[in-house]
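Peer 1: Supplied in structure tokens, the structure appears directly below.
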Amino acid sequence: MTLPVHTAEATPTPLRPGPTPARAHLLSDDTVEQYRRAVAAGTDRVARRIAEATGPFTGVRPDELAPQVEAIDLDRPLGDTTAALDELEDVYLRDAVWFHHPRYLAHLNCPVVIPALLGEAVLSAVNSSMDTWDQSAGGTLIERRLVEWTADRIGLGPAADGVFTSGGTQSNLHALLLAREEALAAATPADRRILLPQLRIIASAAGHFSVQKAAKLLGLAPDAVVVVETGPDGAVRHEIARCRRAGLTVMAVVATAGTTDFGTIDPLDEIAEVCATAGVWLHVDAAYGCGLLVSPTRRHLLDGIERADSVTVDYHKSFFQPVSSSALVVRDRRTLRHATWHADYLNPARTVAQRIPNQVDKSLQTTRRFDALKLWLTLRVMGPDAVGELFDEVCDRAAQAWELVAADPRFEVLTRSQLSTVVFRWRPSGPGPDLTDAANLRAREALAASGLGVVAGTKVDGRQYLKFTVLNPATTVADVAYVLDLIAEHAGRYLHEHVPAADLTCPVG
């Protein structure tokens, strides 16, 4: 029997459905020009706002902006990109907080490098999902290569692995999940019910709140997180011994490489030695301090991190990446099995034997953006040394800011940071501590309301302090001095409004 031969020319091409108004908004080969125009229009708006910004913020209040947003009827589309962008100017872009501005000195938000923005544009349009190979292909390999590169920079060894996450909070939760499961690895279901309330986490006093949050999410006891001062006095060793005497199991020690307020780095090598001797999982939260991994001059501050069992890194803090860009890296890839669940419709167990790389096997998330692309393009365009130079710049600038505040009689400043924060407060003569606290708090609020600068606030020993977080290499000492003058002016004005003139012995500015 002879079968007919069909050629490509002989096979009819099915006709596409005719265009509809809704389908005209889908990105496809038919709409690429519309895509180019829309993205260019949005980029032009942002570029203009950045170029014209005279301060990091407009000072808009929630009660001022909320009515404009609430008045928008989302069931009545504008039908036009230009009109939608005009509206967006009013409800978002006009009052956005600009982290690129040199007088934004508040939280751990960095300006972003252009190669990463290119990556953001590409990954959003392609819209790969990083859960399985058949949804991401080369994206999976790029993320794995970046995890390997990060693990090499940390020094975790050939068995290391990890996965990108949404941020440090998720990375810390993930790490402590692995630590919990390792601590209970030999337990029966009945034993788990008994042992779970007995698990303890030892964390540094200045560590991130996400450790306590993770303990709650993991079903640990309300007092599961034991806070200690992780200095060179052996506090971690003593606490492990105390817990064991009380019949408790220390499932993990969390050391911090870059605390949020002070930029302090715990003595990692000493803590690692204690954990190794005691057989306790060591997690290092380096969400802030990970920039030291590429620093040309300060890498030694992370000595000992290579002995950790798991490490949190936030590229969107110290590598000048857009949010989100973070990762959890572990010493032993086998521990990642504790986050694995196989589903026949997504990542069936047979794919493991087939060596198909499905990132969902390691991740707490299922659908996940290809955020690794931003870091990939950053490294391929700039290189790690250039990123490290930028991080060194902000650390140098913070040191200069500390010296400036320390020499200014209007202020008191606390411990010098190993990274890029400065904790200080306005210090008048005469008024009591409560009024001084109120003046500092009001100065911060008034500064933000003016739109001329933004600083953070915190409490130290119950007293109100202010904080510079320097993550912009474009910030100058002159910018810092300008903000200090504004703070002193606002604080002094508050005191003059609340204290009789005869009781004041401090200058207004």
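Peer 1: How would region 135-294 be classified by its alpha-carbon gyration tensor: rounded, prolate or oblate, with rounded meaning a/c under 1.5 and the a/b versus b/c comparison settling the rest?
Peer 2: Judged from the Cα gyration tensor, region 135-294 comes out oblate (a/c at least 1.5, b/c at or above a/b).
Peer 1: For region 359-509, what % of the accessible area comes from carbon and sulfur atoms, probe 1.4 Å?
Peer 2: 52
Peer 1: Can I ask one more? Along the charge dipole of the chain, Cβ charges K/R +1 and D/E -1, which of ALA190, ALA276, VAL387 sits furthest on the positive end?
Peer 2: The residue sitting farthest along the positive end of the dipole is ALA190.
Peer 1: Restricting to DSSP loop positions (anything but H, G, I, E, B) with no more than 12 other Cβ atoms inside 10 Å of their own Cβ, which chymotrypsin sites (Phe, Trp or Tyr not before Pro) remain in region 289-376?
Peer 2: TRP341, TYR345
Peer 1: Enumerate the residues in region 106-134 having an amide nitrogen under 16 Å from the point lying 7 Å beyond the Cα of TYR35 toward its Cβ.
Peer 2: Once the point is set 7 Å along Cα→Cβ of TYR35, 118-129 turn out to lie under 16 Å by backbone N, inside region 106-134.
Peer 1: Given the C-alpha atoms of the chain, compute the convex hull and give its volume per residue in Å³.
Peer 2: 216
Peer 1: I would also like to ask the following. Mind ranking TYR494, TYR482, TYR288 by accessible surface for me, highest first, 1.4 Å probe?
Peer 2: Result, largest first: TYR482, TYR494, TYR288.
Peer 1: While we're on this one: Under the classification rounded if a/c is under 1.5, otherwise prolate if a/b is larger than b/c and oblate if not, where does region 27-117 fall, given a ≥ b ≥ c as square roots of the Cα gyration tensor eigenvalues?
Peer 2: Verdict is oblate for region 27-117.
Peer 1: First compute the accessible area of region 60-179 with a 1.4 Å probe, then give the percent of it belonging to carbon and sulfur atoms.
Peer 2: It is 58 percent, rounded to a whole number.
Peer 1: Separate question: Normalised by the number of residues in region 37-195, what is the relative contact order in percent for Cα pairs under 8 Å and 6+ residues apart?
Peer 2: Relative CO of region 37-195 lands at 16 percent.
Peer 1: Given just the C-alpha atoms of region 227-359, how large is their convex hull per residue in cubic angstrom?
Peer 2: Cα-based convex hull of region 227-359, divided per residue, equals 158 Å³.
Peer 1: Treating only the Cβ atoms of Lys and Arg (+1) and Asp and Glu (-1) as charged, compute the dipole magnitude of region 12-112 about its Cα centre; round to the nearest 20 debye.
Peer 2: 420
Peer 1: Which net charge results when you count Lys and Arg as +1 and Asp and Glu as -1 among the other residues whose beta-carbon is under 14 Å from that of GLY453?
Peer 2: Counting the neighbours of GLY453, the net charge comes to -1.
Peer 1: Charges only on Cβ, +1 for Lys and Arg, -1 for Asp and Glu: so what's the dipole of the chain about the Cα centre, in debye to the nearest 20?
Peer 2: 1180
Peer 1: Across region 96-196, what fraction of all alpha-carbon pairs, as a whole percent, falls in each successive 5 Å bin from zero upward?
Peer 2: With 5 Å bins starting at 0, P(r) equals 2, 9, 10, 15, 17, 15, 13, 8, 5, 4, 1, 0.
Peer 1: A follow-up question, please. Determine the dipole magnitude for region 46-94: charges of +1 sit on the beta-carbon of Lys and Arg, -1 on that of Asp and Glu, nothing else is charged, the reference point is the Cα centre, and the result goes in debye to the nearest 20.
Peer 2: Around 280 debye, computed over region 46-94.
Peer 1: Separate question: Evaluate E = 1/(1 + (r/R0)^6) for LEU435 and LEU74, where r is the Cβ-Cβ distance and R0 equals 35 Å; express this FRET efficiency to the nearest 0.05.
Peer 2: 0.15
Peer 1: I would also like to ask the following. Using only the Cα atoms, what convex hull volume per residue in Å³ does region 280-426 have?
Peer 2: 153
Peer 1: Treating the Cα atoms of region 395-502 as identical point scatterers in vacuum, please give the log10 of the normalised Debye intensity I(q)/I(0) at q = 0.10, 0.13, 0.18 Å⁻¹, two decimals.
Peer 2: -0.26, -0.44, -0.84
Peer 1: Only residues of region 117-150 count here: report those whose backbone N is under 20 Å from the spot 7 Å along Cα→Cβ of SER28, or say none.
Peer 2: What the label zone holds, given the 20 Å backbone N cut-off, is 125-128.
Peer 1: Right, here's the next one. Only sites in a loop by DSSP and with at most 16 other Cβ atoms within 10 Å count here; which trypsin sites (Lys or Arg not before Pro) in region 329-438 make the cut?
Peer 2: Those satisfying the criteria are ARG355, ARG416.
Peer 1: Counting pairwise Cα distances across region 175-236, what percent come out greater than 14 angstrom?
Peer 2: 58
Peer 1: On average, how much accessible surface per residue is there in the chain, in Å², for a 1.4 Å probe, leaving out ligands, DNA and RNA?
Peer 2: Spelled out: the 1.4 Å probe surface of the chain, per residue, equals 49 Å².
Peer 1: Work out how much length VAL460 to ASP269 would gain on full extension: take 0.36 nm times their residue separation and subtract the Cα-Cα distance, in nm to one decimal.
Peer 2: So the chain would gain 66.1 nm between VAL460 and ASP269.
Peer 1: I've got another one for you. What length, rounded to one decimal in nm, is gained on full extension from HIS238 through to VAL60, with 0.36 nm per residue of separation minus their alpha-carbon distance?
Peer 2: Residue separation times 0.36 nm, minus the Cα-Cα distance, leaves 59.1 nm.
Peer 1: Would you mind finding the longest exposed-site-free stretch of the chain, with exposed GluC sites (Glu not before Pro) meaning DSSP loop and at most 13 other Cβ atoms within 10 Å?
Peer 2: 230-509
Peer 1: Go through VAL69, LEU176, THR259 and say which Cα lies farthest out towards the positive end of the charge dipole of the chain; charges sit on Cβ, +1 for Lys and Arg, -1 for Asp and Glu.
Peer 2: It is LEU176.
The values are calculated or read from the model by the stated rules, or taken from the named source; none is laboratory data. As the structure is a computational prediction, the values presented were derived from the model and not from experiment. Note that we place each Cβ from the backbone using ideal geometry, even for glycine, and neighbour counts take in every protein chain shown. SASA here: full protein model, heavy atoms, side chains in, ligands and nucleic acids out. Shrake-Rupley method; radii C 1.70, N 1.55, O 1.52, S 1.80 Å.
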